[in-house]
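What follows is a short report on a single structure.
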Amino acid sequence: MAVQKLREGKRAVGTMVRMIQDPAVAIVAHNAGMDFIMLDLEHGPYTMETVGDVFKVGRALGIGCFVRVPELAKGYVSRALDCGATGVMVPMLESLEQAELLVRWSKFAPLGARGFGGAGGHSNFIGVTPDATPAFMAKANVDTIAIAQIETAQAIQNIDAIAAVPGIDALLIGPNDLAISMGCAGDLLGETLDQAIGKVAAAAKKHGKIFGMHGPDPLTERWVPKGLRLLMSNLDTNILTAGFKAICQKYKA
């Protein structure tokens, strides 16, 4: 599982899924060697029903089942986990208080206050007996990760406080929105963004968090030697487009 690899200090590689709704996308990703997929509920059309359908297949295969929820809300964070997500990412998280809420809704007590649901996607539809509940909760807190997506100038200012929150497992750079927020839209390889990302990498190292990014290859390649471990590259629409273009370029006159 992707989460286990990350807990062990290894790199996990995956992609964003924004268009494909067929649960077979988890099979295709697994067959290709992906460690995880991340369903995009912020910019994609998915419902929780789709999340549950895709992640039933993903969990059966052992591929990481991550989701980016539309916003920081209990109804998204906790429910996505109950649907079988093994990682939840909140976009534009930018304060200590928001980080604490993410932990509150994504982690069981005593770390957080996630509501306990019995049989569901998160338990492979097996009911949890009362005597097994404490062990189930403790294991779930380890087997799932809470990801703060860092993509605003305010988040950079507060990065040390965000990274210090117990239960926040990963800090993941969203370079496009971060560059826009910092007044350098489109300049993903410039000094301004480089310094900002460096602060996130340093905070992750200082507080023992996972450093992640979803960015273009030149930026990703720059940061892999500097501790980047949660690596998300490309998205399904671009991957399909590239494949279709390759066919056209090869055979069309």
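Each reported figure results from applying straightforward, stated rules to the coordinates on display, with no laboratory input. Just so we're clear, the structure is a prediction, and the values are computed from it rather than from any experiment. Quick reminder, even Gly has a Cβ in these numbers, built from the backbone with ideal geometry, and neighbours come from all protein chains shown.
For the options Gly167, Gly121, Gly75, a Gaussian network treatment of the chain with springs between C-alpha atoms closer than 10 Å singles out Gly75 as fluctuating the most. In this structure, the pairs whose alpha-carbon distance is over 30 Å, taken from Lys107/Lys206; Lys56/Lys209; Lys56/Lys245; Lys10/Lys199; Lys56/Lys250; Lys56/Lys226, are Lys56/Lys245; Lys56/Lys250; Lys56/Lys226. Anyone know which of Phe211, Phe136, Phe55 comes out most mobile in the 10 Å Cα GNM of the chain? Highest fluctuation among the options: Phe136.
Please give the FRET efficiency for Lys199 paired with Ala73, using the beta carbon to beta carbon distance and R0 = 22 Å, rounded to the nearest 0.05. It comes out at approximately 0.20. With Cα atoms defining each centre, segment 125-202 and segment 1-60 are spaced 18 Å apart in the structure. As a rough guide to protection, the peptides 114-120, 48-54 ranked by mean Cβ packing within 10 Å, highest first, stand as 48-54, 114-120. Classify segment 152-253: rounded, prolate or oblate, from the alpha-carbon gyration tensor (a ≥ b ≥ c, eigenvalue square roots; a/c under 1.5 rounded; otherwise prolate if a/b is larger than b/c)? Prolate shape, in that a/c is at least 1.5 and a/b is the bigger ratio. Residues Lys74, Lys107, Lys245, ranked from the fewest to the most other C-beta atoms within 10 Å, line up as Lys245, Lys74, Lys107. Ordered by the number of other Cβ atoms lying within 10 Å of each residue's own Cβ, fewest first, Trp105, Trp223 fall into the sequence Trp223, Trp105. With the helix formula -39500 (n - 2.57) applied to DSSP H stretches of n ≥ 4, the chain reaches a computed 222 nm mean residue ellipticity of -13500 deg cm²/dmol. Using the Cβ-Cβ distance between Thr192 and Met1 with R0 set to 45 Å, the FRET efficiency from 1/(1 + (r/R0)^6) comes to roughly 0.80. Counting other Cβ atoms within 10 Å as a rough exposure proxy, the listed residues Glu8, Glu221 run Glu8, Glu221 from fewest neighbours to most.
Using a simple spin-label model with pseudo-atoms 7 Å out from Cα toward Cβ, Ala246 and Gln154 lie 4.2 nm apart.
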